[in-house]
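First the structure, in the form of structure tokens, and then the observations on it.
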Amino acid sequence: MATISVPLSHNTSSRQHLSTIRHRFHFPRSSHSPLTIACSARRNSSESKESFSHLKELKGVACGFLAAWAVTAASPVIAANQRLPPLSTEPDRCERAFVGNTIGQANGVYDKPIDLRFCDYTNEKSNLKGKSLAAALMSDAKFDGADMSEVVMSKAYAVGASFKGVDFSNAVLDRVNFGKAHLEGAVFKNTVLSGSTFNEAQLQDAVFEDTIIGYVDLQKLCTNTTLSPDGRDELGCR
């Protein structure tokens, strides 16, 4: 249980005759650690009810902003063992990749889910470039040889997908789950990889020239034994 408690006291100097209003928000942070945000507002006996009501309304708004921030901060990449939604039955679901998302790319918020599981985009050279695929479900899909330069894949779930020889140059791939993915020969030139995971991914001959990645993420990536010597040098693995 993770708890953020924010006292919203208007007058902290007086402790007598205080009325307390608490707002509590519960969010699922993970299957084992729910997140609770508690906000409180206190009224001194000398304050008018009208004044306190207005103050409480303003503080309620502030607490709402805090809750929204916490949800964003506590929304990681989909865990490998997390239950995924049923496969979409839309007949044109694979073509959605050519349109992409329209809102909230950076936080993985979408106007309509993009389910690309089991789709085949082998050697697709034009329709994926620069698209926003935030929070897309990509497990077991094939992108071998595709041009995915400048694509935005924030918080995508790509476990078991195949990206052999894919060009990810200048792409934003933050917080992507690449677990057990095939990334042999993929090009991550000037690519943002912060927060992404590569557990058991195949990275033979992958290029990491000028990759943007955090120190902790880099240390985890460097433990992948499939990295080629050139890839390790480009990443700066020790």
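The values are calculated or read from the model by the stated rules, or taken from the named source; none is laboratory data. Not measured: the values here are computed from a predicted model. Note: ideal-geometry Cβ built from the backbone for every residue, glycine included; neighbour counts use all protein chains shown. Remember, those area values only see protein heavy atoms, side chains included, never the ligands or the DNA or RNA. Shrake-Rupley method; radii C 1.70, N 1.55, O 1.52, S 1.80 Å.
Annotation: amide H of Ile114 within the under-5 Å range of Leu137, sequence separation 5 or more or interchain, hydrogens built in the peptide plane. Sorting Val172, Val166, Val159, Val99 by accessible area puts them as Val99, Val172, Val159, Val166; the probe is 1.4 Å, largest comes first, and only protein heavy atoms count. Placing Leu84, Leu133 in order of accessible area, with the largest value first and a 1.4 Å probe, yields Leu84, Leu133. Protein-only accessible surface at a 1.4 angstrom probe places the residues Lys155, Lys180, Lys164 in the order Lys180, Lys164, Lys155, largest first. Shape summary of the range 136-203, radius of gyration then Dmax from alpha carbon positions: 10.1, 26 Å. Neighbours of Glu234, meaning other residues whose beta-carbon lies under 11 angstrom from its beta-carbon, give a summed charge of -2 when Lys and Arg score +1 and Asp and Glu score -1. Taking Lys and Arg as +1 and Asp and Glu as -1, the other residues whose beta-carbon sits under 13 Å from that of Lys129 total -2.
Based on the alpha-carbon gyration tensor of the range 85-238, what equivalent-ellipsoid semi-axes (square roots of 5 times the eigenvalues) come out, in whole Å, largest first?
Details: eigenvalues 122, 45, 38 Å².
Taking √(5λ) for each eigenvalue gives 25, 15, 14 Å, largest first.
Amide H contacts under 5 Å for Tyr121: Lys142, Phe143, Asp144, restricted to partners 5 or more places along the chain or on a different chain, H placed in the peptide plane at 1.01 Å from N. Counting charges near Thr191 (Lys, Arg +1; Asp, Glu -1) among other residues having Cβ under 11 Å from its Cβ returns a value of -4.
With one equal scatterer per alpha carbon and no solvent term, the Debye-computed log10 I(q)/I(0) for the range 162-238 at 0.25 1/Å reads -1.32. Accessible surface of Glu209, taken over heavy atoms with a 1.4 Å probe and every protein chain present, rounds to 80 Å².
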